[in-house]
Amino acid sequence: MYRLHGFFTQNTMKTVYVLEELGVEYEFAFVNLMKLENRTDEFRAMTPAGKVPVLEHDGQFLFESGPICRYVASNEKSPLYPADKLQRARVDQWMTFFTCHPGRWLTTLYFEKIIKNAAGMGEPDEARCAEAVKFAGQQLKHVERWLADREWLANDALSIAEPFALAYLEQASAVGFALGELPRVQSWFERLEARDSTARARARVQPHMQSVMGVQA
């Protein structure tokens with residue numbers, strides 16, 4: 001069985017969403033970053049970076065969300081990560097795109113508007129927020145155009161790129177980034193939100209979020 005060590009960061013959520021969409025059996029091992037559990041010798045033996053998520057499988061450890069998602073999907077021979085090299089590369093390109101482009105800027109907004117306040121780190125940097133809004137908007141327009149004649153990002157089929165991207169895009173409402181001018185992205189996002197796998201993933205993580213942050217599930 002797979003064992004996923006994580007918190008409730010977006011990087012962890014990417015892997016939880018993907019594992020649930022793949023339908024694999026796994027254990028979610030909560031690592032409380034607030035208590036610095038990621039800095040223990042035991043945790044650092046799993047990953048030199050001391051960051052979540054970390055996948056444990058057959059006595060081996062793998063860190064970084066992208067490789068974790070690809071490994072499990074490949075290991076399970078899932079059609080959500082096709083064996084065909086070109087089709088697989090098309091999935092990879094969208095995972096990389098969301099990580100480096102719109103996901104980067106939505107995560108910047110989330111840090112400035114949500115994390116800073118929660119961690120007592122001061123007020124949001126308005127210049128950084130404006131920059132993030134600008135670039136996230138520009139880059140999501142590329143997705144909007146891409147979805148003009150297709151339902152999914154890669155190979156005209158649902159893939160692990162979708163739940164992976166969801167973890168970035170779900171930050172939009174929390175930071176006041178409206179998707180209303182991107183109706184195709186909005187529709188695509190709503191379809192992902194409505195999936196049973198999304199609900200199962202959140203049910204795994206939300207009790208831990210409640211216990212640490214006191215938020216409502």
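The values are calculated or read from the model by the stated rules, or taken from the named source; none is laboratory data. Source: prediction; values computed, not measured. FYI the Cβ positions are ideal-geometry reconstructions off the backbone, even for glycines, and counts take in every protein chain you see.
Of the helices (runs of 4 or more DSSP H) lying entirely inside region 80-157, not one is found with 3 or more residues being among the acidic types (D, E), more than 18 Å from L182 (Cα to Cα) and without any contact (Cβ under 8 Å) to a residue 40 or more places away in the chain. Are any residues in region 71-116 of a type in the set (A, V, I, L, M) and either closer than 16 Å to Y17 by Cα or buried (at least 17 other Cβ atoms within 10 Å of the Cβ) (or both), and if so, which ones? Within region 71-116, V72, A73, L80, V91, M95, L106, L109 meet the criteria. Determine whether region 26-38 contains at least one residue that is part of a loop (DSSP other than H, G, I, E, B), surrounded by 19 or more Cβ atoms within 10 Å (Cβ to Cβ) and either in contact with a Pro (Cβ under 7 Å, 6 or more places away or on another chain) or not polar (S, T, N, Q) (or both). There is at least one residue in region 26-38 that is part of a loop (DSSP other than H, G, I, E, B), surrounded by 19 or more Cβ atoms within 10 Å (Cβ to Cβ) and either in contact with a Pro (Cβ under 7 Å, 6 or more places away or on another chain) or not polar (S, T, N, Q) (or both).
For (1) within 19 Å of the chain's Cα centre (by Cα); (2) of a type in the set (G, A, S); (3) in the same structural domain as T99 (by TED's automatic domain parsing); (4) surrounded by fewer than 17 Cβ atoms within 10 Å (Cβ to Cβ), each residue gets a yes or a no:
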position	(1), (2), (3), (4)
F8	yes, no, no, no
D41	no, no, no, yes
P53	yes, no, no, no
P67	yes, no, no, yes
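Of all residues in region 158-189, those satisfying the criterion of being part of a loop (DSSP other than H, G, I, E, B) and out of contact with any Cys (no Cβ under 8 Å at 6 or more places or on another chain) are L158, S159, E170, V175, G176, F177, A178, L179, G180, E181, L182. Among the residues examined, S74 does not qualify as part of a loop (DSSP other than H, G, I, E, B) and closer than 21 Å to S197 by Cβ.
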